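Since the structure comes first, as structure tokens, the remarks are kept for the end.
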Ligand SMILES: Nc1ncnc2c1ncn2[C@@H]1O[C@H](COP(=O)(O)OP(=O)(O)OP(=O)(O)O)[C@@H](O)[C@H]1O
Ligand code: SF4
Ligand SMILES: [Mg+2]
């Protein structure tokens, strides 16, 4: 059997700087199979972007991997020389960010940027590169693609910018696309269009997608499996239908209770999870959610729960859950 496209195991990441070190990710594990769309959901600060940037090996200076591994198609990418990593970025794995204006170059025409992406392929003539750029823009639904090559990003609307960013990421047909909150700034109609586009592209190209969002509706729409991150730890993971329809962890349940799309009476005040995310410079030694958990037991404060399997491919980290320890 082929190895997963992405296999993260026991990954811990620390940020050190002028303040106390922040333990942003602790013993995170997840895998993405070929052609699969895996969602990562969690509140702000839970470590979603840190995880994505670690996979691309684009973490800020001051970040260090203190434990664990990241394997891409079986290869330990944390051990790869930077030159090999550069080759992998783009053709192997590509990332799209929330704000294309900061991720792409605002002072170069989009066509120039797209042809630059293909510069490494000596077999392609300039005309071929141009044709590829036009085809990619057409594929993501940009009207009059040929005429758009000379325009700049600021001349497009938010939804069109995100389509251009996706076209650019897909030019080299990567095996893994990482999408970090790419629909967060869009209204619901544009969001639905971008989600449809991602799903169609996955079907056409066969790439895997790591889809990061704090929006459970978006996760529900396209993810085969979902991983719930809380304060840098995976607290529940499983098939999306199970996570959204039969959640077992108190944090996942609280997140679902706060989801605006699930609240039946629109005038009702939105519930919020009481309390705050723990200080990640000194994470608690027991359960990471203990301070906010309505069901906490005394051992939750003193002992960290183990990861238990509660169904096929469904795991939970909570003392209340009886399952097969992993
Ligand atoms: N460059 C950095 N230096 C220091 N700490 C950082 C840095 N980047 C992130 N962190 C810290 O790491 C933790 C995880 O941040 P991260 O940005 O990964 O969360 P996130 O889930 O992507 O949040 P959001 O939903 O707001 O994008 C936070 O406590 C954050 O303050
Ligand atoms: S381990 Fe305890 S504190 Fe943590 S989620 Fe379960 S019941 Fe709540
Ligand atoms: Mg983020």
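Per the listing 54, 24, 60, the residue uniquely touching a helix residue (DSSP H, G or I) at 6+ places or on another chain (Cβ under 9 Å), in contact (Cβ under 8 Å) with a residue 12 or more places away in the chain, within 16 Å of ligand 3 (Cβ to nearest atom) and in a loop (DSSP other than H, G, I, E, B) is 60. Taking residues in the stretch 179-207 that are farther than 14 Å from residue 158 by Cβ and touching a residue at least 60 places away in the same chain (Cβ under 8 Å), and partners anywhere that are in a helix (DSSP H, G or I) and within 16 Å of ligand 3 (Cβ to nearest atom), the pairs with Cβ atoms closer than 9 Å and at least 6 places apart or on different chains are 179/52; 180/48; 180/49; 180/52; 180/53. For the stretch 199-217: of the residues being part of a helix (DSSP H, G or I) and touching a helix residue (DSSP H, G or I) at 6+ places or on another chain (Cβ under 6 Å), which is nearest to residue 252 (Cα to Cα)? Result: 217. Checking the stretch 237-244 against the condition returns no match, with no residue being assigned to a loop (DSSP other than H, G, I, E, B), free of Cβ contacts under 8 Å to residues at least 12 places away in the same chain and more than 21 Å from residue 11 (Cα to Cα). Determine whether the stretch 139-153 contains at least one residue that is within 18 Å of residue 110 (Cα to Cα) and in contact with a strand residue (DSSP E or B) (Cβ under 6 Å, 6 or more places away or on another chain). No: the stretch 139-153 contains no residue that is within 18 Å of residue 110 (Cα to Cα) and in contact with a strand residue (DSSP E or B) (Cβ under 6 Å, 6 or more places away or on another chain).
The single residue among 106, 100 that is closer than 13 Å to residue 169 by Cα and in contact with a helix residue (DSSP H, G or I) (Cβ under 8 Å, 6 or more places away or on another chain) turns out to be 100. Here the condition is being out of contact with any helix residue (DSSP H, G or I) (no Cβ under 9 Å at 6 or more places or on another chain) and within 16 Å of ligand 3 (Cβ to nearest atom); of 17, 39, 45, it holds for 45 alone. In the stretch 27-50, of all residues being away from ligand 1 (no atom under 15 Å from the Cβ) and in a loop (DSSP other than H, G, I, E, B), the one that is surrounded by the most Cβ atoms within 10 Å (Cβ to Cβ) corresponds to 36. The set of residues in the stretch 277-296 that are near ligand 2 (Cβ under 10 Å from one of its atoms), surrounded by 17 or more Cβ atoms within 10 Å (Cβ to Cβ) and in a loop (DSSP other than H, G, I, E, B) comprises 286, 287, 288, 289, 293, 296.
Any read-out appearing in this document is the output of simple, stated calculations on the displayed coordinates, not a laboratory observation. Predicted, not measured: the structure shown is a model, and the values here were computed from it. Ideal geometry is used to build each Cβ from the backbone, glycine not excepted, and the neighbour counts take in all protein chains shown.
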